[in-house]
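S.K.: Here's a structure for you.
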Amino acid sequence: MRVYVPLTLPRLAEAHQAGELGPGPLTAYAVTPALREWYVSDDIEELEYAALNRAALASLRLLAGDPSAVRRRVVVAADVPDGAAMADPDRGLDEGALGEVRIAGALPLAKAAAVHVDADDAEADVSAAAAVLGAADQGDDDAQFTVDGAEDHELLWFATQEIPGLVG
């Protein structure tokens, strides 16, 4: 199963140094039955893109909680055995939990397939979105517009061998 783990650049640097994402439990995003039902698609690529975008929003939340982090969303895509990532059945179709899974233990960075990171030119929009994320969650339409502006930036794809250049 492909999972998408939200991070920040400092957390990616820590994972690179440790050789693993963790310790567990880790929150990640994947194509879950609830995400399939919400997205209403059978196209696995579209569903995985939706899971990646959910992880990017979670990365934005991490940035909102860490004002010192570089304002670029980071998501690590990794492959784990199907039983290693479990959705919380109590959260059901809660829109905030769509695609959310838990991984019990640390995830070796060697399992990573790719890293997705915002380009430098997204930093201003991501910074603005992180600053108003709480207001957007409370229903502020202007704040949501700002958050959507960050989501308009596509995350760039990087091979795992490029992690030292991303965090260096």
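The values are calculated or read from the model by the stated rules, or taken from the named source; none is laboratory data. Being a predicted model, the structure only gives us computed values, none of them experimental. Cβ sites come from the backbone with ideal geometry, for glycine too, and all protein chains shown count toward neighbours.
S.K.: Being surrounded by fewer than 19 Cβ atoms within 10 Å (Cβ to Cβ) and assigned to a loop (DSSP other than H, G, I, E, B) is the filter; apply it to the stretch 10-34 and report the residue that is modelled with the lowest pLDDT.
M.R.: Only one residue tops the list, namely G24.
S.K.: Would you tally the residues in the stretch 133-168 being among the β-branched types (V, I, T) and over 15 Å from L12 (Cα atoms)?
M.R.: Matching residues across the stretch 133-168 total 2.
S.K.: Can you find even one residue in the stretch 55-70 that is polar (S, T, N, Q), surrounded by 14 or more Cβ atoms within 10 Å (Cβ to Cβ) and either at pLDDT 95 or above or over 24 Å from G24 (Cβ atoms) (or both)?
M.R.: Checked against the condition, which is being polar (S, T, N, Q), surrounded by 14 or more Cβ atoms within 10 Å (Cβ to Cβ) and either at pLDDT 95 or above or over 24 Å from G24 (Cβ atoms) (or both), the stretch 55-70 yields at least one hit.
S.K.: Now for a different question. So which residues in the stretch 130-168 are among the β-branched types (V, I, T) and out of contact with any Ser or Thr (no Cβ under 9 Å at 6 or more places or on another chain)?
M.R.: T146, V147, T160, I163, V167
S.K.: Among A130, A114, A119, which is closer than 30 Å to A18 by Cα, at pLDDT 95 or above and in contact with a Phe, Trp or Tyr (Cβ under 6 Å, 6 or more places away or on another chain)?
M.R.: A114
S.K.: Next question. Can you give me the number of residues within the stretch 37-72 that are among the aromatic types (F, W, Y), under 16 Å from the mean Cα position of the chain (by Cα) and either assigned to a strand (DSSP E or B) or over 20 Å from T8 (Cα atoms) (or both)? It would help to see each step written out before you state the result.
M.R.: First, pick out the residues of the stretch 37-72 that are among the aromatic types (F, W, Y): 38-39, 49.
Still in the list and also under 16 Å from the mean Cα position of the chain (by Cα): 49.
Add one more test, that the residue is either assigned to a strand (DSSP E or B) or over 20 Å from T8 (Cα atoms) (or both), and what stays is none.
Qualifying residue count for the region: 0.
S.K.: Kindly state which helices (runs of 4 or more DSSP H) lie completely within the stretch 73-168 and contain at least 3 residues that are surrounded by 14 or more Cβ atoms within 10 Å (Cβ to Cβ), in contact (Cβ under 8 Å) with a residue 24 or more places away in the chain and touching a Lys or Arg at 6+ places or on another chain (Cβ under 9 Å).
M.R.: Counting at least 3 such residues, we get 123-137.
S.K.: Are any residues in the stretch 9-37 out of contact with any strand residue (DSSP E or B) (no Cβ under 6 Å at 6 or more places or on another chain) and within 21 Å of Y49 (Cβ to Cβ), and if so, which ones?
M.R.: T27, V31, T32, P33, A34, L35, R36, E37
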